[in-house]
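**Q** This is the structure I have questions about; it appears just below.
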Amino acid sequence: MTLTDRDHAVQAAVAQGLISPAEPVAGLLDIAGIRRSAAGLHAAFEEFAAPGTPVLHAFAVKAASLVPVLRLLSQVGLGCEVASPGELALARAAGVPIARTVLDSPAKTPAELREALALGIAVNADNPEELARIDGLIASAPTTAPIGLRVNPQIGGGTIGAMSTATDTSKFGVALRDEGAREWVVQSYLARPWLTRLHAHVGSQGMPLELMAEGVRALFTLAEEINEKAGRDQITTLDIGGGLPVNFSSDDTTPTYRAYAALLSEMVPGLFSGRYGLVTEFGRSLLAKHGAIVARVEYAKSAGGRPIAVTHAGAQVATRTVFVPDAWPIRVAAYDAEGRPKSGAPVAQDIAGPCCFAGDLVAENRPLPLLEAGDHTALLDTGAYYFSTHFAYNSLPRPGIYGYRTDPDGTVRFATIRTPQTLEELTEESGAAHTAALDALG
């Protein structure tokens, strides 16, 4: 059997005690893989864009809210797309330049907007009320921050409704096909010479590339209309969002950034001409294939004739997979007690998590070598969202996360991205400092 870098990493993590009876679950991130993804993204757009076209790839921080990961991405030329004060704080802690930071959110407070405008962070307004709020802030404190407006081209949804951001009733942006909306958008730009960007984010997982490209075409057409009516190049930058789907069924990386860029070049002539700067907001597609959650099998049992492996990775780390398994199925790999790929005839079995409800299953009736107590499972393609977006059910502590690099001889070197949460930290987070606070209320 030819071992992959991931196989070497799992075995090394077990051998070095990163995964153990005391720490029975951990996240592993392939740092070389992340660098390859970032290089592929840069190369894809550079191939099709006219020389000198400004292109900012702003990583969607929600996909991996981990400061060392944001720093790594910044070092390879990416920025950050933030959607909350917390995400902005993480990006700043990682040293991401202000000029490579974009603020998107459907619920920005006055304080958030005031901070972003003061710092010079690019802001995409979500709706008419927010744009009016920005009017007031700019009147009292002029800014150099690039400002745009998010529109929803209402082109339809994909296979996952919760991930579809361009449906008729999406909560995001100005619904472009609603009565009078397009005219309002055009007039809003003509009345505000400082409004120089236009933004749309068509979708994420479950969206076909053609539909995403259709949304970009709608954005480009609107920008051309506004500039024509303004009689100048008022809109200088198009923020085309992100959300490239990820293949969760194999190790293949599909679709590729190049395939998407080639389709945009074909469907939206002029997008890469250099007339507009471009901003993207990819997240999941940059990291998903390079991460795995590894967990010990605590017990092996059976019910109704079906084997069940009870592990330490369930809804707390794989929340979407547990609650919406049809939309978010993931692959599971079996490893033995030493972290080596497990061999043996496939046996249909359930892979259960530690949470105290019956539906905490990451895989049902999945054919795998029969798992035993002390073995390990790896939830694959989980480098984005999964272990960085913890669900604190049953007060389960957040697991440690480790970046790794595999040398040509198979040696694996680890670096801590996030230390495992201690029970003391969890208790403090749950109000331990205020233990007696309610006593005073009688």
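The values are calculated or read from the model by the stated rules, or taken from the named source; none is laboratory data. These numbers come from a predicted model, not from an experiment. Glycine gets a Cβ as well: all are built from the backbone with ideal geometry, and neighbour counts include every protein chain shown.
**Q** Can you pull out every residue in segment 225-269 that is among the small types (Gly, Ala, Ser) and not in a loop (DSSP other than H, G, I, E, B)?
**A** Initial filter on segment 225-269 (among the small types (Gly, Ala, Ser)): 230-231, 241-243, 249-250, 259, 261-262, 265.
230, 259, 261, 262, 265 - these are the residues of segment 225-269 that are among the small types (Gly, Ala, Ser) and not in a loop (DSSP other than H, G, I, E, B).
**Q** Among the listed residues 382, 427, which satisfies the condition of being farther than 27 Å from residue 250 by Cα and among the β-branched types (Val, Ile, Thr)? Lay out the reasoning, then the answer.
**A** Details: 382 fails: farther than 27 Å from residue 250 by Cα.
Answer to the selection: 427.
**Q** If I filter segment 195-217 for residues that are free of Cβ contacts under 8 Å to residues at least 12 places away in the same chain, surrounded by fewer than 18 Cβ atoms within 10 Å (Cβ to Cβ) and either over 30 Å from residue 137 (Cβ atoms) or not small (Gly, Ala, Ser) (or both), do I get at least one hit?
**A** Of the residues in segment 195-217, the ones free of Cβ contacts under 8 Å to residues at least 12 places away in the same chain are none.
Within segment 195-217, not a single residue is free of Cβ contacts under 8 Å to residues at least 12 places away in the same chain, surrounded by fewer than 18 Cβ atoms within 10 Å (Cβ to Cβ) and either over 30 Å from residue 137 (Cβ atoms) or not small (Gly, Ala, Ser) (or both).
**Q** Go through segment 84-143 and give me each residue that's β-branched (Val, Ile, Thr), within 19 Å of residue 280 (Cβ to Cβ) and free of Cβ contacts under 8 Å to residues at least 24 places away in the same chain. Let's see the steps before the verdict.
**A** First, pick out the residues of segment 84-143 that are β-branched (Val, Ile, Thr): 96, 98, 101-102, 109, 121, 123, 134, 138, 143.
After this cut, where a residue has to be within 19 Å of residue 280 (Cβ to Cβ) as well, the list is 96, 98, 101-102, 121, 123.
Result: 98, single match.
**Q** Please go through segment 221-243 and pick out each residue that is crowded, with 23+ Cβ neighbours inside 10 Å and within 30 Å of residue 288 (Cα to Cα).
**A** 238, 239, 240, 241, 242, 243
**Q** Looking at segment 84-113 only, could you name the residues that are part of a loop (DSSP other than H, G, I, E, B), modelled with pLDDT of 95 or more and surrounded by fewer than 21 Cβ atoms within 10 Å (Cβ to Cβ)?
**A** Within segment 84-113, the first condition is being part of a loop (DSSP other than H, G, I, E, B), and the residues that meet it are 84, 94-97, 104-109.
Pick out the ones that are also modelled with pLDDT of 95 or more and you get 84, 94-97, 108-109.
The answer is 84, 94, 95, 97, 109.
**Q** Additional query: Whether any residue in segment 275-287 is in contact (Cβ under 8 Å) with a residue 12 or more places away in the chain, under 21 Å from residue 355 (Cα atoms) and basic (Lys, Arg) is what I want to check.
**A** No, segment 275-287 contains no residue that is in contact (Cβ under 8 Å) with a residue 12 or more places away in the chain, under 21 Å from residue 355 (Cα atoms) and basic (Lys, Arg).
**Q** Does segment 414-439 hold any residues that are surrounded by 14 or more Cβ atoms within 10 Å (Cβ to Cβ), among the aliphatic types (A, V, I, L, M) and touching a residue at least 40 places away in the same chain (Cβ under 8 Å), and which are they?
**A** 417
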